[in-house]
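J.: My structure is below; once you've seen it, I'll send some questions.
The values are calculated or read from the model by the stated rules, or taken from the named source; none is laboratory data. Predicted model, so just to flag it, every value in this text is computed and none were measured. Note that we place each Cβ from the backbone using ideal geometry, even for glycine, and neighbour counts take in every protein chain shown. Ligands, DNA and RNA are stripped out before the accessible areas are found, and what is left, the full protein with its side chains, is counted by its heavy atoms. Shrake-Rupley method; radii C 1.70, N 1.55, O 1.52, S 1.80 Å.
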Amino acid sequence: LLIGSRSGALCRFNFDVPAPIWEMQVHAESVSSVSVTGQQGSLRVLTSSDREARLWKMDAEAVMSDDPLLEFPECSNACFSHAKDRVAGAASGGRTLLFDAETGVLLSTLQEALPDGSVPARALRHRRAVFAPDDEMVLCDGVLWDPRTPDECIHKFDRFAHYGGGSFHPSRPEVIISAAIWDVRMSFKLLRWCPSLDQMHTVFSPSGDVLYGFLRYFEEETVRGARAHVRKYKHMFRTVDAVTYTDVATVELKENVADLFVDDTSELLAVMETSKDQYAGGFAGTTCRLYEVGRVRASRSDDEDEEEEGAHDSLLDGETP
């Protein structure tokens, strides 16, 4: 498991050891996203900060290269295309940048005109671009693009909330933006409304039959009096049937969710939970918890017994975005 830190380091964990095997500095600022592609022995690791994305090589011994293979300037929250030949990321000014993943050359700039103050600053910080399953379209902040015609977007979906990222359904011509499920064919009509996903960021399982929704935690920029106003979230994530959009389960957590990832086998979830120091303010720390899909959760008394015994074999502690 690779986890980015608030100090700009990348840490590697084994599932059974709650301490990093190694860590290395990959950015000068907090790491906002990490993704991995390739086969064992020739992996490529894509890391992002608010200022740039960098591509690294990992060898057969799971050791990272000292220097990045490529750097993508102004590219935050970067992701690979499904073919792994391009990298997309969000940039300031409502821009979405597409780079060649082999050469680092900027291929396209997709830009949406955003009136000043129309979107909260924190919502802009969490803009993420995603590729369609066939890589022919890109979605970022509710705007659908064809990279081959970057001067004009295909369609701009109505946004009922500034929060909740967009996702392409992996096996159906649909886009999920917060609670709205839209048709991505010529009509672009609203197909249905799923209240369970309202303002949630969504992640599909690799098989595409399960959808995970979570409310990503962050602080608002607004200040009321002498105190910063913080959005109030329910500490939980939710699983939804990706065919019928009906609820499957809701998992209550102790802390706010910063991010959620599903492994390639759909057997494990890695959930980043962020806590705040209620006395000193700021972040008290972030924990990565591993959940086994399908495992029945222990009762409260069992949880208390485990805490008393100091059993933390499902926790990986460390600072993360």
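J.: Of (1) within 25 Å of HIS82 (Cβ to Cβ); (2) modelled with pLDDT under 95; (3) open to solvent by 50 Å² or more (accessible area, probe 1.4 Å); (4) in contact with an Asp or Glu (Cβ under 8 Å, 6 or more places away or on another chain), SER32 satisfies all except one. Which?
T.: (3)
J.: Cβ-Cβ under 8 Å, sequence separation 6+ or interchain: first residue in the range 241-270 and free of Cβ contacts under 8 Å to residues at least 12 places away in the same chain, partner open to solvent by 30 Å² or more (accessible area, probe 1.4 Å) and hydroxyl-bearing (Ser, Thr, Tyr). Which pairs?
T.: That search, which allows pairs on different chains as well, returns nothing.
J.: Can we say LEU69 is touching a residue at least 12 places away in the same chain (Cβ under 8 Å), of a type in the set (A, V, I, L, M) and open to solvent by less than 70 Å² (accessible area, probe 1.4 Å)?
T.: Taking the combined requirement at face value, the residue does not satisfy it.
J.: Further, regarding this structure: Only one of GLY38, GLY94 is in contact with a helix residue (DSSP H, G or I) (Cβ under 9 Å, 6 or more places away or on another chain) and at pLDDT below 95; which?
T.: GLY94
J.: Among the numbered criteria (1) open to solvent by less than 50 Å² (accessible area, probe 1.4 Å); (2) under 25 Å from HIS126 (Cα atoms), which single criterion is violated by GLY38?
T.: Tallying (1) open to solvent by less than 50 Å² (accessible area, probe 1.4 Å); (2) under 25 Å from HIS126 (Cα atoms), GLY38 fails exactly one: (2).
J.: Test PRO147 against the stated conditions and say whether it is touching a residue at least 40 places away in the same chain (Cβ under 8 Å) and not aromatic (Phe, Trp, Tyr).
T.: Values: touching a residue at least 40 places away in the same chain (Cβ under 8 Å): yes; not aromatic (Phe, Trp, Tyr): yes.
Spelling it out, PRO147 is indeed touching a residue at least 40 places away in the same chain (Cβ under 8 Å) and not aromatic (Phe, Trp, Tyr).
J.: Among residues belonging to the range 78-98 that are open to solvent by less than 10 Å² (accessible area, probe 1.4 Å) and not aliphatic (A, V, I, L, M), point out the one that is farthest from the chain's Cα centre (by Cα).
T.: In this case the residue turns out to be GLY94.
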